[in-house]
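Engineer: This is the structure, below, for whatever I ask next.
Coordinate-derived values only; no laboratory data. These numbers were taken from a predicted model, which means no experiment stands behind them. Here the Cβ positions follow ideal geometry from the backbone for every residue, glycine too, while neighbour counts run over all protein chains shown.
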Amino acid sequence: LPTHFVLPSGDAIPAIALGEFHLILHLHLPSPSSHNRTWQASKGEVGNAVKVALQSGYRHIDGAWIYRNEEEVGAAIKESGVPREELWLTSKLWNTFHAPEDIEPKLDETLRRLQTSYLDLYLIHWPIAFFPDEPQKIDYDLTNNPYPTWKKLEELVDKGKIRNIGVSNFNIRRLRNLTDNGLRYKPVINQVELNYFNPQPELVKWSKENGILLEAYSPLGSNKQVGESLNIPEVKGIAKQLGITPAQVLISWQAQRGTVVLPKSVTPSRIEENLQVFRLPTKLYEKLETAATSHKPQRVGDPSKAWGIDIFEDEV
Ligand code: A2P
């Protein structure tokens, strides 16, 4: 299986990353106090997961400003002693900061917290812009025309603060809407939910044809559906046949589909397990692909209702 994918910049992005815990709560933007409490509960866990991951051989950490743990991640990386140039660090621009003048200060905050001078990849976290002072109020101008945001990101590439830029949670229409502007640097990555329940075969095909690499978040169905996904008969059958675990079957299948895979775990043994991927024999790969794409797709995470905007537009 590919251990890396090469981007137009020539940079090689490791195929498996440690995904980080972003409690689904952030999608509903609770009051600041409850937000803090939630994060305190997981304090230390993410830093520890990062340390275990780096010791196990991971070189790719997928984070975001909104996860509110970049300081902890930065400290864990520093403690690991892994040289910066061996690492692939991704972060994401939060919805509240799409206005061009807000982007660089927020990026600088991320860089400072991660204790680095550049990111390997910076993504627009959602195709939705909020007004800065009213966190859940949608700025339709910047949402419908993301070009000013993108232009600023291009400048930050020129400045050397970001090596590659991309998007997250964009459907095909929203990507076309962005790229129709004749960009200097095209989005090279789209990070989206991809798993057995929501395998998005059309998006996978279109992205391949259009030179955009997909990254799969919630590849095991997230904490909400991981139990169910490890119990899928086809997955269990293939695991037994190959002598690997159901999680390894699901992660391997997705890497074999040609996507970067971002499994999340705070459990050391699982963190190690998730990095071991195996090429599935063609017949078994096709069996799983057919099973995954023949049921009604079901998205595990969708803040459309919470935010009052149809983000995925039925995948148009
Ligand atoms: P935990 O962090 O307690 O180890 P996803 O990557 O799809 O978002 O799924 C994350 C969920 O899957 C978490 O609840 C995580 O639990 C669990 N998980 C991650 N890796 C494995 C694994 N190899 N086996 C079983 N559960 C796993």
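Engineer: By how many degrees, 0 to 90 and rounded to 10, does the Cα axis of helix 70-80 deviate from the longest principal axis of the chain?
Structural biologist: It works out to around 60 degrees.
Engineer: Would you kindly state how much longer the chain becomes between residue 184 and residue 145 on full extension, computed as 0.36 nm times their sequence separation minus their alpha carbon distance, in nm to one decimal?
Structural biologist: Numbers: separation 39, 0.36 × 39 = 14.04 nm, distance 1.62 nm.
Full extension from residue 184 to residue 145 adds 12.4 nm.
Engineer: On a straight-distance basis, which lysines could pair with residue 43 in a cross-link, Cα separation under 19 angstrom, same-chain partners fewer than 8 positions away excluded?
Structural biologist: Within reach: 51, 78, 264.
Engineer: What's the angle, to the nearest 10 degrees (0 to 90), between helix 282-293's Cα axis and the longest principal axis of the chain?
Structural biologist: 60
Engineer: Say each of residue 208 and residue 314 gets a label point 7 Å from the Cα, pointing the same way as Cα to Cβ; how far apart are those two points in nm?
Structural biologist: Each label point lies 7 Å from its Cα, and together they span 2.6 nm.
Engineer: Let me ask something else. Given points 7 Å out from each Cα along the Cα-Cβ axis, report the residue 71 to residue 278 separation in nanometres with one decimal.
Structural biologist: Here the answer is 4.3 nm between the modelled labels.
Engineer: Show log10 I(q)/I(0) for the stretch 36-155 at q = 0.09, 0.14, 0.15, 0.16 Å⁻¹, two decimals, from a solvent-free Debye sum over equal Cα scatterers.
Structural biologist: Relative scattering, expressed as log10 I(q)/I(0), comes to -0.27, -0.63, -0.71, -0.79.
Engineer: If you average over every viewing direction, what projected area does the convex hull of the Cα atoms of the stretch 107-172 give, in nm²?
Structural biologist: Working: hull surface 20.3 nm².
The orientation-averaged projected area of the Cα hull of the stretch 107-172 comes to 5.1 nm².
Engineer: Relative to the longest principal axis of the chain, what angle (0 to 90°, nearest 10) does the C-alpha long axis of helix 45-56 take?
Structural biologist: 60
Engineer: Which value, in Å³ per residue, describes the convex hull spanned by the Cα atoms of the chain? Walk me through the numbers on the way to the answer.
Structural biologist: Working: hull volume 39.7 nm³, N = 316.
It is 126 Å³ per residue.
Engineer: Determine how many Å³ per residue the convex hull of the Cα atoms of the stretch 133-276 encloses. Intermediate values should be presented prior to the final figure.
Structural biologist: Values: hull volume 22.6 nm³, N = 144.
Dividing the Cα hull volume of the stretch 133-276 by its residues yields 157 Å³.
Engineer: Tell me what the chain gives for mean residue ellipticity at 222 nm when only DSSP H runs of n ≥ 4 count, each as -39,500 (n - 2.57), the sum divided by the residue total, rounded to 500 deg cm²/dmol.
Structural biologist: Values: 14 runs with 136 residues, N = 316.
-12500 deg cm²/dmol, from helical runs alone.
Engineer: Show me, for the stretch 177-190, the HN-Hα J-couplings you get by feeding each phi into the Karplus relation (A = 6.51, B = -1.76, C = 1.60, θ = phi - 60°), rounded to Hz, glycine and proline as x.
Structural biologist: These are the phi-based 3J(HN,Hα) values: 4, 6, 7, 5, 7, x, 6, 6, 10, 6, x, 9, 9, 10 Hz.
Engineer: Given N residues in the stretch 173-240, what is Rg(Cα) / (2.2 N^0.38 Å)? Please report the intermediate quantities before stating the final value.
Structural biologist: On the way: Rg = 15.5 Å, N = 68, 2.2 N^0.38 = 10.9 Å.
Dividing the Cα radius of gyration by 2.2 N^0.38 Å gives 1.42.
Engineer: I've got another one for you. State, as an integer percentage, the relative contact order of the chain based on alpha-carbon contacts under 8 Å between residues 6 or more apart.
Structural biologist: Working: 529 pairs, mean separation 60.7, N = 316.
Reported as a whole number, the value is 19 percent.
Engineer: Oh, and also: Mind grabbing the base-10 log of I(q)/I(0) for the stretch 84-133 at q = 0.23, 0.33 Å⁻¹? Debye formula, identical points on the C-alpha positions, no solvent, two decimal places.
Structural biologist: -0.84, -1.31
Engineer: In whole angstrom, how far apart do the alpha carbon centroids of the stretch 242-282 and the stretch 136-205 sit?
Structural biologist: 26
Engineer: For residue 51, what is the net charge nearby, where nearby means another residue's Cβ is under 14 Å from its Cβ and Lys, Arg count +1, Asp, Glu -1? Display every interim value, and only then the final one.
Structural biologist: On the way: positive: 59, 78; negative: 20, 45, 72, 79, 272.
Neighbourhood net charge equals -3.
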